[in-house]
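Below is one structure, written out as C-alpha cells; the observations come after it.
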Amino acid sequence: MKGSPRFAVLALALLLSLGAATALAQTAITTGSKAFTENVILGELLARLAADAGAVAEHKTQLGGTRILWNALQRGDIDAYVEYTGTLSQEILADSGATTEDEIRAALAAQGIVMTRPLGFNNTYALGMREDVAAEHGITAISDLRDHPDLDLGFTNEFMDRGDGWPALRDHYALPHKRVRGLDHDLAYRGIEQGAIAVTDLYSTDAEIRYYELRVLRDDLSLFPPYEAVVVYRSDLEHRAPEVATAFRRLEGRVPEAEMIGMNARARLARIPEGRVAADFLATTFQVDSVVVVDTWLQRLGRNTSAHLLLVLVALAAGIAIAVPTGIIASRHEVAGQIALGLTGILQTVPALALLVLMIPLVGINAPPAILALFLYSLLPMVRNTCDGIRSIPASTWESATALGLSSGARLRLVELPLAMPSILAGVKIAAVQLVGFATLGAFVGAGGYGQPILTGIRLDDFGLILEGALPAAGLALVTQGVFELGERGLVSKGLRLRPETG
Amino acid sequence: MPPTDELSPAFEMRDVSKTFDGVAAVAGVSFNVAAGSTTVLIGPSGCGKSTLLRLMVGLLTPDRGEVRFGDAPITAANVTALRHRMGYVIQDGGLFPHLTARRNVSLMASHLGWSADRVTARTEELSALTQFPADGLDRFPTQLSGGQRQRVSLMRALMLDPDVLLMDEPLGALDPMIRADLQQELRDIFRTLGKTVVMVTHDLREARYFGDAIVLLRDGRLVQEGPFGSLVDEPAEAFVGDFVRAQQMAREGADA
Ligand SMILES: Nc1ncnc2c1ncn2[C@@H]1O[C@H](COP(=O)(O)OP(=O)(O)OP(=O)(O)O)[C@@H](O)[C@H]1O
Ligand SMILES: [Mg+2]
C-alpha cells in the first residue's frame, strides 16, 4: 500500500492530464430545438456545424417550448439553439424592455448568452394570397388590400381572437372588409386553394407557402414585430470551444426566407428526415459533409423502450421507498395521515406538463425532471393504499398480535404488512400503470421514451409515428398489469387469496 | 382444583377505572386472581368484561388505579415481556388470516428464536392436548371450522407455556353441541396444566362450570365476587338475585 507514494502521485497527475487532453480534443456540445419542424431542422444544423468544427455534438430535439429551452440554456444543459428576436424581446426579456436587435444582444450578454446576427429569415405573422389571384389584382403589400374591399378574408381562429391579430391588423391598415371569417388552419389553406377565400394569415416561412403557391404580402406599415431567427449560445463557448462558436456564426445571413421555406417543405410535406434536410443544406451552402444516420424502426423502438422503462422504474422505485413508509406513518397518526394524503393529493392535481416544467429550474432537462415529476405523481395511490390496507386490518387481529407480545416492529413486519400487502400492491399497480402513461410526456423535456415518436408524429401529422409510440405504451401498460398479477402470487399469502377480503 | 397454597395473587386489580368518551366502561374495580385458580368475569352485555380483560393484558392502560401482574404493576416498559407469560384468546379467535394454523401457533416462538425442532415438538404436543387434527395444521384459518379455529387460538395462547390464560368468551361463537364438548375439554386442559385462568362469559352455567371464583359486574362496577354458591346464598344486592333468576329462566325457556 505505502510502497511508492511518489509513483502514485505521478500516475495520478498523468491520468488527470490525459483526461484533460481528451476533454479538450472532444468538447461535447448539445444543441436544442423547439417542438416545431423549422426549429428542429435548425437544431440539426447547429449540431452538424458543431461536429464539423470537431466537437462531439448531440441534438436534444423538440423540447417542450421556449421556457424549457431558455432554462436549459441558462443551466448549461444545452449550449445553443435557434431563437426568434420577437420571442426574445416579448417573452424572455419582457422585463428589460429590450426591443431593438442591439438592446436584445446587450440584455442577453448580461446573462451570459451570446446572440448572433440574424440568419436571414423572419418567421412572423404574415398574410398570403394565391399567386395568380394576387397578380390578377396587382397586390404585393397589405395596404394594397384597402383598394379591394370585396375580397373574402379567412383567418385562423387564433388570429381572429388575438389582440395583435385581426383587430390590430384592421385598425392599423384601416381595412374596410366586411366578409371576414374564422377557420381551422387546414380549412383555411383548402379554402384559399379552391378560391373560397382570397387572403389568409400564415407564418412567413410555412411550408405551405410553396405547396399552395402563395404570395406573402409585404407588411409595409410594419405592424407585425420582427421574428428574425438568431442563434443563441452560452458565452463560455467562446473559451471552451471557439471553433464551434465560429461555426455557428457562419450561419449569419446565410438562410434566406426562400431557403427556409424550402427546407420546411421538404421536411413537412415530403417527409424527409430533418437530419437529411439539414445535411443537404450544409453541403450546398458550406460544402460541409455530415453523416446522416436514420435509425430503423426496431432501433427506435429499442431506444424508446429502454428510455421509457428507465423513467418509470426509477420513479416507481423511489416512489415505493417513500410512499410505503409514509403510508405506514399515516395509518398510525390521524393528523400525519391527513397531511400526507392532502399533500400528495395536491401534487396529483397539478397538470402533468406544468409539474414537468416546474422541475426544470431544479434539475435541468433530460431524464431527471421527468423522473422527479413521475415520482411525485406516483405517491398518492401508494400512500393511500398502504394507509388503507393497514387501517382495514380487523381490530381483533391487531389485538391478538399485540397481546402475543410482538414488538411494534415485529408486528408490522409479521402481521400488518403481510395483511396490507394486497392493498399495497394494488396501489403500486395503479401508480405503475399511470406512470407508463405519464412518462410519454418526458419527451417534452428531452427524456425520450414512447412520447418521442408521438411528439414527432403530432408535429408532422404522421399517424404512423404516433402509433409507434402509442401502441408500445399501451402494450407496456398491459404488461405492467400482468407482471403485478403474477407478483401478487409471490407476495400475497395464499390464506388471503382464498378469501380476498381481510375483513 | 382450588389453589392449595397461598402464593401471591397472579393478578391484582386496585381500584381500576377506564373511561371512553366520558362513559365509564370500568369504574373503581378491585379484586385479586389467585394463582392456579380459574376466575370468571360475568355480567350483562356492555358491563365492561372485555375492557377489564384488555386492561389485564395491557392492551389498555387504566385511567385511574393499578393493574398488577405477579408482584409488579404493568407498565409500558415491561408489558411486552409480561405478555410472553400470558396467553390471550379473544372471542372470534383473532387468527392471522395470512398464516397457516401452524404458523399462527408458532409465530411468536419462532420470532423469539426457538429452534425448528422445538417448535415442531411443542406444536404437536399442543395439537394432541387440544385434539386438533394434525392434517389441519397446514391449512389457513378460512379452511377450518369454527371449533377448529378456536382450538388453534388456544394452542397459540398456550405455545410459550404462559403462567396465565386470559380468554374472552372463547366458546361464544360455537353451536351448543360443540360448545358442550369443548367446555369439558377446556376444563380438563386447565386441570392438567394447573394454570391461572381468567375467562369472560355471559352464561352463568358456564361460569359455574369453570369458575373457582366468579366476578359479577354491572355498568362497569363490581357487584359481587366469590364462589358460585355465595352468589346464590348471599346476594350482595337485589341485582344479583335478578341476574341469577333471569339466567335460569332463559335456560328453562330454551330447554322447553
Ligand atoms: N374502544 C372503545 N371506545 C369507546 N367505548 C368503548 C370502547 N370499548 C368499549 N367501550 C364501551 O365500554 C363499555 C364496556 O364495553 P365492553 O366491551 O367491556 O363490554 P362487555 O362487557 O365485554 O360486553 P359484551 O358482553 O357485549 O361483550 C360499553 O359501553 C362499550 O360501548
Ligand atoms: Mg365483550
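The values are calculated or read from the model by the stated rules, or taken from the named source; none is laboratory data. It should be emphasised that the depicted structure is a prediction, and the values quoted were computed from it without experimental measurement. Virtual Cβ from ideal backbone geometry, glycine too; neighbours counted across all protein chains shown. For the accessible areas, the whole protein counts, side chains as well, though only heavy atoms, and no ligand, DNA or RNA atoms are used. Shrake-Rupley method; radii C 1.70, N 1.55, O 1.52, S 1.80 Å.
Laid out as a table, the results:
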quantity: Rounded to 5, the percent of DSSP beta bridges in the protein assembly as shown classed as antiparallel; calculated: 55 percent
quantity: Residues of region B:60-107 buried by at least 30 Å² on assembly (accessible area, 1.4 Å probe, chain alone as reference); calculated: B:THR80, B:ARG83, B:TYR88, B:ILE90, B:PHE96, B:PRO97, B:HIS98, B:LEU107
quantity: Accessible surface, per residue, of region B:91-161 when the full set of protein chains is kept, probe 1.4 Å, Å²; calculated: 40 Å²
quantity: Neighbourhood charge, 14 Å Cβ-Cβ cut-off, centred on A:LEU88 and excluding it, Lys, Arg +1 and Asp, Glu -1; calculated: -3
quantity: Cα-only Debye scattering, region B:91-161: base-10 log of I(q)/I(0) at q = 0.12, 0.23, 0.25 Å⁻¹; calculated: -0.25, -0.96, -1.14
quantity: Kirkwood hydrodynamic radius of region A:411-470, from inverse mean 1/r over distinct Cα pairs, in Å; calculated: 13.6 Å
quantity: Chain B, relative contact order [Cα under 8 Å, separation at least 6], %; calculated: 26 percent
quantity: Dipole axis of region A:297-497 (+1 Lys, Arg; -1 Asp, Glu on Cβ), positive-most option in A:SER407, A:PRO422, A:GLY446; calculated: A:SER407
quantity: Considering only region A:125-217, percent of DSSP beta bridges that pair antiparallel, nearest 5; calculated: 65 percent
quantity: Cα gyration tensor shape for region A:125-217, rounded if a/c is under 1.5, else prolate or oblate; calculated: rounded
quantity: Charge tally in the Cβ shell below 11 Å around B:LEU60, where Lys, Arg are +1 and Asp, Glu are -1, B:LEU60 excluded; calculated: 0
quantity: Where A:TRP297, A:TRP70, B:TRP114, A:TRP398 fall by accessible area, highest first, once all protein chains stay in place (1.4 Å); calculated: A:TRP297, A:TRP398, B:TRP114, A:TRP70
quantity: Accessible area that becomes buried as A packs against B, both chains, 1.4 Å probe, Å², nearest 100; calculated: 2100 Å²
quantity: Contact order normalised by residue count of region A:297-497, Cα under 8 Å, 6+ apart, percent; calculated: 26 percent
quantity: 1.4 Å probe, heavy atoms, protein only - residues of region A:389-410 losing at least 10 Å² accessible area vs chain alone; calculated: A:SER396, A:THR397, A:GLU399, A:SER400, A:THR402, A:ALA403, A:LEU404, A:GLY405, A:LEU406, A:SER407, A:ALA410
quantity: Cα-based shape type of region A:297-497, given that a ≥ b ≥ c are square roots of the gyration tensor eigenvalues and the cut on a/c is 1.5; calculated: prolate
quantity: Ranking by accessible area, most exposed first, for A:HIS148, B:HIS111, A:HIS308, A:HIS333 with a 1.4 Å probe; calculated: A:HIS333, B:HIS111, A:HIS148, A:HIS308
quantity: Region B:19-84 - accessible surface per residue (Å², probe 1.4 Å); calculated: 40 Å²
quantity: Gain in span if fully extended, A:ALA109 to A:LEU343, counting 0.36 nm per residue against the direct Cα distance; calculated: 80.2 nm
quantity: Distance (nanometres) between label positions extended 7 Å along Cα→Cβ at A:VAL56 and B:PHE20; calculated: 6.9 nm
quantity: Sequence-distant residues sharing a close amide H with B:VAL89 (under 5 Å, placed H); calculated: B:LEU166, B:MET167, B:ASP168
quantity: Rg over Rh [alpha-carbon atoms, Kirkwood Rh] for region A:436-503; calculated: 1.27
quantity: Viscosity 0.890 mPa s, temperature 25 °C, Stokes-Einstein D of region A:376-444 from Kirkwood C-alpha radius, µm²/s; calculated: 183 µm²/s
quantity: Where only C-alpha atoms are counted, convex hull volume of region B:1-130 per residue in Å³; calculated: 164 Å³
quantity: Those lysines that a straight Cα-Cα span of less than 30 Å connects to A:LYS494, excepting residues fewer than 8 apart in one chain; calculated: A:LYS429
quantity: Per residue accessible area of region A:297-497, 1.4 Å probe, in Å²; calculated: 42 Å²
quantity: Compactness of region A:142-184 as Cα Rg over 2.2 N^0.38 Å, two decimals; calculated: 1.08
quantity: Along principal axes, Cα extents of region A:21-161, largest first, whole Å; calculated: 70, 34, 26
quantity: Carbon/sulfur fraction of accessible area - the protein assembly as shown, other protein chains in place, 1.4 Å, %; calculated: 57 percent
quantity: Tail fraction, Cα-Cα pairs, chain B, threshold 22 Å, whole percent; calculated: 56 percent
quantity: Against the rule of thumb 2.2 N^0.38 Å, how large the Cα Rg of region A:80-126 comes out; calculated: 1.09
quantity: log10 of Debye I(q)/I(0), alpha-carbon scatterers only, for the protein assembly as shown at 0.05, 0.10 Å⁻¹; calculated: -0.50, -1.01
quantity: Distant-in-sequence amide H partners of A:ALA28 (H built 1.01 Å from N, under 5 Å); calculated: A:VAL56
quantity: Charge context of A:GLY54, other residues only, Cβ under 13 angstrom, K/R +1, D/E -1; calculated: 0
quantity: Chain B - share of DSSP beta bridges that are antiparallel (%, nearest 5); calculated: 55 percent
quantity: Separation of the B:SER30 and A:LEU309 label points, Cα + 7 Å toward Cβ, nm; calculated: 7.3 nm
